[in-house]
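**Q** Here's a structure for you.
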Amino acid sequence: MKNGNILFATRTKLYLSTDDLKTYNQVIVKNPDGSDYLPHTPLDPNNPGWYFHPLDGVHTWDVEGEEMLVWGNYCNVMGGAVPVNIYYSTDQGQTVKIAYSFGQNPVFQQKDSQEGDLLGNPDNPVVCRHVHSVAYNPAENAFYACTGDHDRTAADGTNMQECHWLRGTYDKTQDVWDWQVLVSVNSNSRFKSGGINFVDGQLYWAADANGNNGTMPHDRGIFTCAPGDLVDIKKHTRLFNPLYESANMIIEDDVILSAHYAPASPYSTGFTISPDMGKTWAEYDLKEFGKRSPVRFHKKNSEGWFRVDLRKGWIERGEVLFIKPKPA
């Protein structure tokens with residue numbers, strides 16, 4: 001945080017340090033009604049799930065003159081089933097609350113769970129597997145979130161979609177959120193995406209489209225449009241098509257940095273970059289790292305280096321990479 005606070009997490013717990021990690025205390029997440037939001041007791045203690053693990057790397061924004069922390073958990077891939085939430089803090093991590101809780105996805109529940117063990121918000125029909133990205137647009141004073149992952153068949157035989165875009169506004173005087181689902185689609189769509197960014201009020205994102213549904217080839221690429229035109233595909237501009245799934249992206253100082261999803265790409269560790277806001281593009285394969293998926297793109301440090309997590313295959317923890325665009 002700007003004041004030096006450090007908020008960090010294990011799989012199921014949050015901790016806050018206010019003295020550069022000399023000491024730290026657990027932070028109990030709060031529900032919207034102020035009650036404690038506590039992790040479930042896992043049926044398999046070795047798989048408690050990932051309650052707080054994000055896929056993106058930028059989580060703090062200046063919102064109406066105050067720092068705000070907002071992120072969603074990328075989960076239900078390995079480590080056990082968990083509910084999917086968007087979290088927020090308005091006081092440098094001292095208090096963390098639920099901004100939005102997704103419904104009970106029947107596909108991602110604990111093995112051998114009974115009805116009383118179901119995870120997720122029982123009052124929300126909107127389900128997903130996990131959150132891909134959350135970002136803030138200061139021009140609208142609104143947050144956008146996108147989720148994955150696929151189309152599922154519900155118990156009654158109906159189609160159940162997990163890929164959504166949501167728009168949320170926060171009323172700080174009432175400490176209340178208003179979230180609206182903008183679009184829900186199948187997995188072969190540019191709306192199955194990540195890497196949401198806003199530059200001068202314009203929306204940018206990277207498409208993670210996959211699956212065997214819809215029209216081929218897959219609806220992939222790096223896209224831009226006005227936020228109000230998101231649901232109208234005819235008003236989108238595809239800046240570049242890397243041909244392969246890309247679920248992460250960051251934009252800073254006119255540099256667009258994205259990456260390939262390693263299991264679905266011929267690249268070992270594939271990066272996509274534009275140094276000029278999408279006018280020109282290049283792709284690089286850092287083969288020396290092996291099959292790695294770059295995720296969690298962080299803003300540049302004082303020396304101009306982006307920090308990137310490298311995950312083995314798709315999401316198993318690997319290494320940390322610092323990467324710096326060469327000057328033109």
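The values are calculated or read from the model by the stated rules, or taken from the named source; none is laboratory data. Treat the numbers as computed from the prediction; the structure is a model and nothing was measured. Positions of Cβ are backbone-derived with ideal geometry, glycine not excepted, and every protein chain shown enters the neighbour counts.
**Q** Here are SER184, SER193: which of them is within 19 Å of VAL107 (Cα to Cα) and not β-branched (Val, Ile, Thr)?
**A** SER184
**Q** Pull out all pairs, ordered by first then second residue, where Cβ-Cβ is under 7 Å, the residues are six or more apart or on different chains, the first lies in region 152-176 and is among the small types (Gly, Ala, Ser), and the second is at pLDDT below 95.
**A** From region 152-176, the pairs are ALA154/PRO106; ALA154/MET160; ALA155/PRO106.
**Q** So which of PHE240, PHE191 is within 25 Å of LEU321 (Cβ to Cβ) and hydrophobic (A, V, I, L, M, F, W, C)?
**A** Result of the check over PHE240, PHE191: PHE240.
**Q** For residues in region 106-122 being in a loop (DSSP other than H, G, I, E, B) and either without any contact (Cβ under 8 Å) to a residue 12 or more places away in the chain or among the hydroxyl-bearing types (Ser, Thr, Tyr) (or both), which is surrounded by the most Cβ atoms within 10 Å (Cβ to Cβ)?
**A** SER113
**Q** Related question: For region 243-277, which residues satisfy the criterion of being closer than 18 Å to LYS326 by Cβ and part of a loop (DSSP other than H, G, I, E, B)?
**A** Once the filter is applied, which keeps residues that are closer than 18 Å to LYS326 by Cβ and part of a loop (DSSP other than H, G, I, E, B), region 243-277 yields ASP253, ASP254, THR269, PRO275, ASP276, MET277.
**Q** What's the total number of residues in region 15-60 that are outside any loop (DSSP other than H, G, I, E, B) and either farther than 30 Å from HIS260 by Cα or without any contact (Cβ under 8 Å) to a residue 24 or more places away in the chain (or both)?
**A** 8
**Q** Among the residues of region 245-271, how many are within 13 Å of TRP281 (Cβ to Cβ) and aromatic (Phe, Trp, Tyr)?
**A** Count: 1.
**Q** Something else: In region 182-214, which residues are in a strand (DSSP E or B) and more than 23 Å from VAL58 (Cβ to Cβ)?
**A** SER184, VAL185 - these are the residues of region 182-214 that are in a strand (DSSP E or B) and more than 23 Å from VAL58 (Cβ to Cβ).
The rows are residues; the columns are (1) crowded, with 20+ Cβ neighbours inside 10 Å; (2) of a type in the set (Val, Ile, Thr); (3) touching a strand residue (DSSP E or B) at 6+ places or on another chain (Cβ under 8 Å).
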{"site": "ASN5", "(1), (2), (3)": "no, no, yes"}
{"site": "LYS13", "(1), (2), (3)": "no, no, yes"}
{"site": "ASP20", "(1), (2), (3)": "no, no, yes"}
{"site": "HIS53", "(1), (2), (3)": "yes, no, yes"}
{"site": "GLY57", "(1), (2), (3)": "no, no, yes"}
{"site": "GLY65", "(1), (2), (3)": "no, no, no"}
{"site": "GLY72", "(1), (2), (3)": "yes, no, yes"}
{"site": "VAL84", "(1), (2), (3)": "yes, yes, yes"}
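**Q** Same structure, new question: Here is a check on your reading of the model: is PHE198 surrounded by fewer than 23 Cβ atoms within 10 Å (Cβ to Cβ), of a type in the set (A, V, I, L, M, F, W, C) and touching a Phe, Trp or Tyr at 6+ places or on another chain (Cβ under 6 Å)?
**A** So PHE198 does not fit the description; no.
**Q** Continuing with this model, one more query. Report the residue count in region 215-242 for those that are in a strand (DSSP E or B) and within 20 Å of VAL181 (Cα to Cα).
**A** Result for region 215-242: 3.
**Q** Okay, moving on. Using the structure shown, decide if GLY103 is touching a residue at least 12 places away in the same chain (Cβ under 8 Å) and over 16 Å from the mean Cα position of the chain (by Cα). Show your work before the answer.
**A** Details: touching a residue at least 12 places away in the same chain (Cβ under 8 Å): yes; over 16 Å from the mean Cα position of the chain (by Cα): yes.
Criteria met by GLY103.
**Q** Follow-up. Among VAL134, VAL127, VAL176, which is the only one that is within 17 Å of TYR100 (Cα to Cα), surrounded by fewer than 18 Cβ atoms within 10 Å (Cβ to Cβ) and not acidic (Asp, Glu)?
**A** Within the list VAL134, VAL127, VAL176, the selection yields VAL176.
**Q** Okay, next question. Look at SER133 and say whether it is among the small types (Gly, Ala, Ser) and outside any loop (DSSP other than H, G, I, E, B).
**A** Yes: the conditions hold for SER133.
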